[in-house]
Amino acid sequence: MQPETILVTGGAGFIGSNFVLQWLASESSSIINLDKLTYAGNPANLSAVSHDRRYRFLQGDICDRELVAELLITHRPRAIIHFAAESHVDRSIHGPDDFIRTNVNGTFSLLEESRAYWSGLAKKERDSFRFLHVSTDEVYGSLGPDDPAFTERTQYAPNSPYSASKAASDHLVRAYFHTYGLRVLTTNCSNNYGPYQFPEKLVPLVILHAMSGKAIPVYGDGQNVRDWIYVADHCEAIRTVLARGRTGETYNIGGGNEMKNIEVVETICSTLDELRPNDPVVPHKVLIKFVPDRPGHDRRYAMSSAKMESDLGWKPRETFASGIRKTVQWYVDNQPWIENVTSGSYRQWMATQYSM
Ligand code: NAD
Ligand code: DAU
């Protein structure tokens, strides 16, 4: 085993690429990034480290067990950080197949091959090996306005094909700890925002539409609540759990920023009024358009990060105000990245989902 190598799956996506960049800037170990490069994977997110000798990219599918087995034997990582997934709720409503394939079967393949690799390690290396599974708060379902925030003991109640597939993968990971003793950790995080997020998700979609004078679609009455976390804070939390988390445990990670969707949208619009006063439509908020609701739309998510704080000493650094400003500024400054991701399959998706 090479104590200096970790394997990341889905590292060309939004959170994965932020994680790879942060890891290489802060830690000494090397990273192997296994990513299929679906529509959501973008090697350009990692161009800053493409020549770093500690970084290696491999295009491949986590469902390909032969490939995963060979990769583990060849590179002998001390840990696997599993980000790879189909991640967009609306796409899971249009077509759940890929969500079951990657999120359920893919996680299963990875667990099986990890178990085979891990079983063959010497005792010391077996004990220090970690399989960290990155999951979501959506597995807990929807909260009423006065319900307490989700804790690690909240019962699972997933409502969308996406969240059901993530819940299934969480259960598999749990079972591999209890049945085989695989050294697993699971993190469940709230809504991330920040650089490199594919503009199908609310925050980058609003920024792009507002900058170009297009209607900003708000589902239903805009009163749904999410707990927003800046992506760098999530990545730091994952590094903390990897370093100090107890195997077999799950950790909830939240930003401590519960907001209604309409408040998120209005904050982005007013930030852009300041940064881009010469956009085609200003004030940007006149572009807001209420559109039909997402089927089965969860009303409220709220995360308690109390365990992360008390057991591991982690808490988020950014407030929503500071994080969203950095984020809007990043999209304003990175037009070539936007042009690169808003072609081809992106246009097709927008036409399917939003006929405004
Ligand atoms: P993303 O959609 O931006 O990226 C997913 C990445 O996985 C892409 O690079 C894609 O190419 C890759 N991938 C997909 N299928 C694959 C396969 N079969 N084999 C190999 N690679 C494959 O997702 P994200 O927003 O970065 O989310 C990453 C993880 O974090 C997911 O597991 C997601 O469920 C979880 N999560 C996301 C959020 C959020 O707000 N975005 C919050 C909590 C948890
Ligand atoms: O809570 C964590 C989850 O957050 C992650 O597990 C998912 O991978 C991630 O996609 C995200 O899911 P959401 O469905 O909450 O994120 P999304 O950005 O799609 O939507 C955020 C809220 O905004 C949600 O209430 C739906 C609403 N929305 C979304 C879009 C795309 C709109 O009102 N208009 C839109 O066009």
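Every read-out reported here was derived from the displayed coordinates using simple, explicitly stated rules and does not represent laboratory data. Computed from a prediction, not measured in an experiment: that's the story for all the values here. Cβ atoms come from the backbone with ideal geometry, glycine included; neighbour counts cover every protein chain shown.
Points worth noting:
- Residue-wise HN-Hα coupling along region 122-139, computed from phi with Karplus coefficients 6.51, -1.76, 1.60 (Hz; x: Gly, Pro): 5, 3, 4, 6, 4, 5, 8, 5, 9, 10, 9, 9, 8, 10, 10, 6, 5, 5
- Selection from 290, 319, 208, by position along the positive dipole direction of the chain (Cβ): 319
- Taking 122, 321, 79 as the candidate residues, the one with maximal mean-square fluctuation in a Gaussian network model of the chain, Cα springs under 10 Å, is 122.
- A simple rule links phi to the HN-Hα coupling: the Karplus curve 6.51 cos²θ - 1.76 cosθ + 1.60 with θ = phi - 60°, which for region 93-110 gives 6, 5, x, x, 3, 4, 6, 5, 4, 7, 6, 8, 5, x, 5, 4, 4, 5 Hz, with x for Gly and Pro.
- 3J(HN,Hα) from dihedral phi, region 340-354, Karplus parametrisation 6.51/-1.76/1.60, rounded to Hz, x for glycine, proline: 4, 8, 9, 10, x, 5, 4, 4, 4, 4, 4, 5, 5, 7, 10
- Residues considered: 271, 250, 327. Largest GNM mean-square fluctuation over the chain, using C-alpha springs under 10 Å, is found at 271.
- Distant-in-sequence amide H partners of residue 314 (H built 1.01 Å from N, under 5 Å): 309
- Potential lengthening of the chain between residue 69 and residue 329 amounts to 89.4 nm, from the contour at 0.36 nm per residue minus the alpha-carbon distance.
- Annotation: amide H-H contacts under 5 Å for residue 30 (H modelled 1.01 Å from N, sequence separation of 5 or more, or interchain): 5, 6.
- Extension gain for residue 286 to residue 116 (0.36 nm times residue separation, less C-alpha to C-alpha distance): 55.5 nm.
- Taking the charge dipole of the chain about its Cα centre, with +1 at Lys and Arg Cβ atoms and -1 at Asp and Glu Cβ atoms, the residue from 182, 171, 134 reaching farthest to the positive side is 182.
- Over 32 Å between alpha carbons, listed pairs 166/326; 201/307; 166/315; 285/307: 285/307
- Alpha-carbon centroid distance for the pair region 131-205 / region 7-59, whole angstrom: 22 Å
- Between residue 275 and residue 223, the simple spin-label model (points 7 angstrom out along Cα→Cβ) gives 3.1 nm.
- When the Gaussian network model of the chain links Cα atoms closer than 10 Å, the mean-square fluctuations of 60, 13, 344 top out at 344.
- The magnitude of the dipole of the chain, with charges of +1 and -1 set on the Cβ of Lys/Arg and Asp/Glu and taken from the Cα centre, is near 660 debye.
- A cut-off of 5 Å between modelled amide H atoms, ignoring neighbours fewer than 5 places along the same chain, links residue 218 with 289, 290, 291.
- Net length available on complete extension from residue 27 to residue 97 is 21.5 nm, with 0.36 nm assigned per residue and the Cα-Cα distance removed.
- Size of electric dipole in region 1-93: Cβ of Lys, Arg +1 and of Asp, Glu -1, about Cα centre, debye, nearest 20: 200 debye
- Region 164-250: trypsin sites (Lys or Arg not before Pro) falling in loop per DSSP and having at most 15 other Cβ within 10 Å: 246
- Loop-resident sites, region 49-154, for trypsin sites (Lys or Arg not before Pro), counting at most 15 other Cβ within 10 Å (DSSP): 53, 54, 153
- Region 5-34 residues near the modelled residue 317 label - backbone nitrogen below 19 Å, point 7 Å along Cα→Cβ: 15-29
- Region 274-332: trypsin sites (Lys or Arg not before Pro) in DSSP coil with no more than 12 other Cβ atoms inside 10 Å: 317
- Here the chain carries DSSP beta bridges of which approximately 10% are antiparallel, counting only pairs with both residues inside.
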